[in-house]
């Protein structure tokens, strides 16, 4: 069942009904938004139908008049590859309230990792197939080869085989860097950048075009891509391979040039009954965010906008979940529909499980702030209810309506990530958990420590 085709035929599908109920919107109104390409449903038709005995899951709608959604990135790398850790991160992200997860694995048995994550995920899962295609090309040449030689051996067929494999496995949406064309890359090379090209997928395709002296296959053979996406009703997330990696590069010719290409491709996709959304920047100064969102919405006929951040400053490593949340709140208020989280480890290394949780919570705060500013009724009701329960000192209800809460108040393991220090007099039970026991040093330890003060010069 092709959702866009069904919407154009006037049919309200079961997936549409589920999303309409969750979003408190009339099914007919949702169908119209899908029909016009302003809303997409992340729902691979094979996965929805229980393909390979996958667990019951929630269909996710992204786009106009819906709640802003949050995505969490996980995945292995050449530095560390353990599928158990990625499954753990998936669970943490889902428990923390992520609406979708992307597997960005670049090492190990990527296909096996993807299928295991799909089997464990109760929320939509996305991927970047070019990563697996490039990794496969590298692996078949042996350990001593380099990335440049592997790119030379990488074929267009390899790319499309990877794409179809991901779709067959049940992936709900895929990032494809179709807008990284030879002309756009030439703009980048001729004008230069402070941050260069920071997109891994964009860099792979730029290098492929340089080595092969040919156009990007995902652009040149876009109809082939559309045929695959339509077969499985997979949403195409048109990637921003030229997104700015420094705020000094925002709104340069390369970024805008790629967006103009994506706008044309989005129209072709919708004409072929393929659902599509557009990915956006990147590092953007605060005063440019609204204009960036409005430009995308105007050029792409209000296609759902999927943003990474944006990060509003470059100089806060270790706190990029905060800098991105600031940008995401403004982007969401301006019209962005889907926020890709950024973790504290964004520019430092692989995210830990704690980083995943912190990233999701920061993005959810930004999304809810934007939803309130946009007048989303559920966001307003949630915050009003929380305030009423706060006034009533109803602790259990406050916990239930909180975006996050401290470990000592959490009924779920690994959901907190913080330590609460209580220095108050107890006035009764505040949670369903018992108060912890008092921690005290034994008298002999106190005596030993006291004797060493002079030795240590303290």
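The values are calculated or read from the model by the stated rules, or taken from the named source; none is laboratory data. Quantities reported herein were computed from a predicted structural model and do not represent experimental measurements. Cβ atoms come from the backbone with ideal geometry, glycine included; neighbour counts cover every protein chain shown.
Things to note:
- Verdict on residue 75 being buried (at least 24 other Cβ atoms within 10 Å of the Cβ) and outside the structural domain of residue 305 (by TED's automatic domain parsing): no
- Some residue of the range 233-244 being over 20 Å from the mean Cα position of the chain (by Cα) and either buried (at least 24 other Cβ atoms within 10 Å of the Cβ) or in contact (Cβ under 8 Å) with a residue 12 or more places away in the chain (or both): no
- Among the residues listed as 327, 318, the single one being part of a loop (DSSP other than H, G, I, E, B) and over 13 Å from the mean Cα position of the chain (by Cα): 318
- When the range 181-199 is filtered for residues that are more than 18 Å from residue 152 (Cβ to Cβ), in a helix (DSSP H, G or I) and touching a residue at least 60 places away in the same chain (Cβ under 8 Å), the ones remaining, listed by number, are 183, 184, 187, 188, 191.
- Of the residues making up the range 334-359, those that are within 19 Å of residue 279 (Cβ to Cβ) and in a helix (DSSP H, G or I) are 334, 359.
- Against the test of being within 26 Å of residue 323 (Cβ to Cβ), assigned by TED's automatic domain parsing to the domain that holds residue 282 and surrounded by fewer than 24 Cβ atoms within 10 Å (Cβ to Cβ), the options 248, 186 yield a single qualifying residue, 248.
- Only one entry in 104, 4 is within 24 Å of residue 339 (Cα to Cα), modelled with pLDDT of 95 or more and not assigned by TED's automatic domain parsing to the domain that holds residue 304, namely 4.
- Residue in the range 265-277 that is in a loop (DSSP other than H, G, I, E, B), within 19 Å of the chain's Cα centre (by Cα), at pLDDT 95 or above and surrounded by 19 or more Cβ atoms within 10 Å (Cβ to Cβ) present: yes
- Residue in the range 379-391 that is in contact (Cβ under 8 Å) with a residue 60 or more places away in the chain and either assigned by TED's automatic domain parsing to the domain that holds residue 200 or part of a helix (DSSP H, G or I) (or both) present: yes
- Just one residue in the set 360, 356, 342 is under 19 Å from residue 80 (Cβ atoms), modelled with pLDDT of 95 or more and surrounded by 24 or more Cβ atoms within 10 Å (Cβ to Cβ); that residue is 356.
- One residue alone among 130, 87, 34, 113 is crowded, with 24+ Cβ neighbours inside 10 Å, in the same structural domain as residue 298 (by TED's automatic domain parsing) and outside any loop (DSSP other than H, G, I, E, B), and that residue is 130.
- Flag if residue 152 is more than 25 Å from residue 305 (Cα to Cα), in a helix (DSSP H, G or I) and either at pLDDT 95 or above or in contact with a strand residue (DSSP E or B) (Cβ under 6 Å, 6 or more places away or on another chain) (or both): no
- Residue-level check: of (1) at pLDDT 95 or above; (2) under 26 Å from residue 352 (Cα atoms); (3) part of a helix (DSSP H, G or I), residue 135 misses just (1).
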